[in-house]
Amino acid sequence: MLTLSMKFILFSGTLVITRAVSITGFPKSLVFLGHENIGPIPMPVVVLVFMAIVFWIFHSYTAPGRIISAIGVNITTASYFGISVKKVEIYTSLISAVCAALAEIVMLGRATSGQQRTGYGMELDAVGAVLIGGRSLQGGVVTVRGVMFSVLILGLINNGLNVLGVDPLWRDAVRGAVISFAILIDQWERKQ
């Protein structure tokens, strides 16, 4: 609840500071990651593939990646084995913040302007990608491949709704239904 409260406080703060006016005129070096291409491939795709490879290597082949997985599987057992759970939570929060900043730089480049509502509501997509990708709300191990697959599914759903001309007001309801279905399947599998 504290996270959601802070979201609304900070969002209101951005509206007050900017007076709800978009900021433009960014240098080309700042919008490069979201606006340019390498040949026919858009830079956001390059960033996505690069980050997926980095996290796959980190998660699969490094000790810190295995420690994070151990905490996800069973936090109590991990602490019994001497893993400093609080320290790992802080480090994973820092990694998450750096990734969020990188994502915002890409979004800034795509829009070529700073808009207050850019990314608003995308937390549903982030949680949905992890849940559909195999992570349970009660913990467990998530794979980079699973998250990438679920991001692809959510992207196809969003694009499909655009192509079909579905009213934007209904798109969040459809995405929410897909994520709710994934949570229900997870709960059902845990009871089996």
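Laboratory data are not the source of any read-out in this text; all were calculated from the coordinates shown. Note that the coordinates shown come from a computational prediction; the quantities given were computed from them, not determined experimentally.
Quick rundown of the values:
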| quantity | calculated |
| --- | --- |
| Long-range amide H partners of Gly114 with built H, under 5 Å | Ile23, Thr24 |
| Cα-based helix-to-principal-axis angle, 2-18 vs the chain, degrees rounded to 10 | 20 |
| On Cα atoms only, tilt of 85-111 relative to the major axis of the chain in degrees | 20 |
| Most fluctuating residue given options Ile75, Ile95, Ile105, as computed from a GNM of the chain linking Cα atoms under 10 Å | Ile95 |
| Whole-number percent relative contact order across the chain, with pairs defined as alpha carbons under 8 Å at least 6 apart | 24 |
| Degrees between helix 168-191 axis and first principal axis of the chain (Cα, 0 to 90, nearest 10) | 0 |
| Whole-Hz ³J(HN,Hα) from phi, Karplus 6.51 cos²θ - 1.76 cosθ + 1.60, for the range 70-75, glycine and proline x | 4, 5, x, 6, 7, 5 |
